[in-house]
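Since the structure comes first, as structure tokens, the remarks are kept for the end.
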Ligand code: GLU
């Protein structure tokens, strides 16, 4: 079983020839990895990033398998990536990249086979292009082929901020078990994009003081709490958190991770808390908004220091949960209200939190070991019950 689950079931690598706006042609690399097919179609985001490699996509695809199993969402895990820095390409170029990537992979995608969603460097516009390209080639509109679409194209209300909501649902539970009241709690959020921005907003709405945030341009700090609505307006105006009135800059933006706060929410990319800095992390609780922000070595150091780490496959699963809701709605052409989505998301997140927390307590495990072992069990059971063919 270990060997079966350690390897992805399918991996596809594609070349993406791109005509740049200046007429030159360059060839990009793209990947899609389907890690596990035992419980349903595969599901997972598509990222555009200069660091994308097949190994990174493999790891992210496996995480999606555990995430879906843990949240009782009937999918296996997948992930896609294109090695490209989206900030260096025009919108028209990004559209051509997305459409060519989608047609190269059209034979493995589909609402019953593999369903992408946004991830680092992609958004609802990317999903609209993917849905359109797939649909045009099939000769019919297929809304269920991707999730995280614009609402006008069969997206779900509540999908855009679902990951952030889920992060905050479990963060508030983690504060409770550590006996920290929300009114006294402080938080630092790394990343102010699809996950971090909403997390900061929902934390402050829950009366947690958000004292520091960062983005790719820099980090800011305000010991008595940032005015998050004001900060969001500043970001909409200037494109960055840097220079927000009433805050002071943190010279090295990575130092945000070392602040003395109750809650630290890494919500940017993987591998930011490592053996090199974990010993200096002072947060009481870490809630992993990003996928894989803590390395294995750092995890051991944090646990030894008594820091409660809420693992990614639980903490950031709100996104795929509402992706599942979107897929169900699209397949049935029947749309739910914002309240239906929010309530069903909250109840799934809290149920998963309770399962993981109780399992960790009863077996004396970390939350990560508890979450992973529960998820692996679900997938292993599915394999055993299906049996081996031929
Ligand atoms: N990219 C998100 C994740 O890592 C969402 C995946 C999805 O909705 O399919 O969980």
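Of the helices (runs of 4 or more DSSP H) lying entirely inside region 122-232, those containing at least 2 residues that are over 19 Å from the mean Cα position of the chain (by Cα), under 25 Å from residue 32 (Cα atoms) and within 16 Å of the ligand (Cβ to nearest atom) are 124-138. A residue that is surrounded by fewer than 19 Cβ atoms within 10 Å (Cβ to Cβ) and at positive phi cannot be found anywhere in region 247-268. Kindly provide the set of residues from region 25-61 that are more than 12 Å from the ligand (Cβ to nearest atom), farther than 22 Å from residue 144 by Cα, in contact with a strand residue (DSSP E or B) (Cβ under 9 Å, 6 or more places away or on another chain) and not in a strand (DSSP E or B), ordered by number. Once the filter is applied, which keeps residues that are more than 12 Å from the ligand (Cβ to nearest atom), farther than 22 Å from residue 144 by Cα, in contact with a strand residue (DSSP E or B) (Cβ under 9 Å, 6 or more places away or on another chain) and not in a strand (DSSP E or B), region 25-61 yields 50, 51, 52, 53, 54, 56, 58. Residues that are away from the ligand (no atom under 15 Å from the Cβ) and either touching a residue at least 40 places away in the same chain (Cβ under 8 Å) or buried (at least 24 other Cβ atoms within 10 Å of the Cβ) (or both) within region 73-88 comprise 83, 84, listed in sequence order.
Looking at 53, 49, 38 in this structure, which one is within 16 Å of the chain's Cα centre (by Cα) and surrounded by fewer than 21 Cβ atoms within 10 Å (Cβ to Cβ)? Quick ask: steps written out before the conclusion?
Working: 53 fails: within 16 Å of the chain's Cα centre (by Cα); 38 fails: within 16 Å of the chain's Cα centre (by Cα).
None of the others qualify; the one that does is 49.
Condition check: within 16 Å of the ligand (Cβ to nearest atom), in contact with a helix residue (DSSP H, G or I) (Cβ under 9 Å, 6 or more places away or on another chain) and more than 16 Å from residue 67 (Cβ to Cβ). Does residue 360 satisfy that?
Working: within 16 Å of the ligand (Cβ to nearest atom): no; in contact with a helix residue (DSSP H, G or I) (Cβ under 9 Å, 6 or more places away or on another chain): yes; more than 16 Å from residue 67 (Cβ to Cβ): yes.
In short, no.
Here is the figure for region 282-291: residues that are in a loop (DSSP other than H, G, I, E, B) and touching a helix residue (DSSP H, G or I) at 6+ places or on another chain (Cβ under 6 Å) total 3. Going by the structure shown, is residue 292 at positive phi, within 20 Å of the chain's Cα centre (by Cα) and within 15 Å of the ligand (Cβ to nearest atom)? Considered against the rule, which asks whether it is at positive phi, within 20 Å of the chain's Cα centre (by Cα) and within 15 Å of the ligand (Cβ to nearest atom), residue 292 comes out as yes. Within region 304-357, the only residue that satisfies the criterion of being more than 10 Å from the ligand (Cβ to nearest atom), under 12 Å from residue 67 (Cα atoms) and not in a helix (DSSP H, G or I) is 311.
Within the bounds of region 257-279, is there any residue that is more than 16 Å from the ligand (Cβ to nearest atom), within 26 Å of residue 152 (Cα to Cα), in contact (Cβ under 8 Å) with a residue 24 or more places away in the chain and in a helix (DSSP H, G or I)? For region 257-279, residues more than 16 Å from the ligand (Cβ to nearest atom), within 26 Å of residue 152 (Cα to Cα), in contact (Cβ under 8 Å) with a residue 24 or more places away in the chain and in a helix (DSSP H, G or I): absent. What tally of residues in region 186-206 results from selecting those that are touching a helix residue (DSSP H, G or I) at 6+ places or on another chain (Cβ under 6 Å) and either more than 27 Å from residue 358 (Cβ to Cβ) or buried (at least 24 other Cβ atoms within 10 Å of the Cβ) (or both)? Going through region 186-206 one residue at a time, the tally reaches 11.
Values in this text are rule-based calculations from the coordinates and carry no lab data. Keep in mind it's a predicted model, so treat the numbers as computed, not measured. Backbone-built Cβ (ideal geometry, glycine too); neighbour counts: all protein chains shown.
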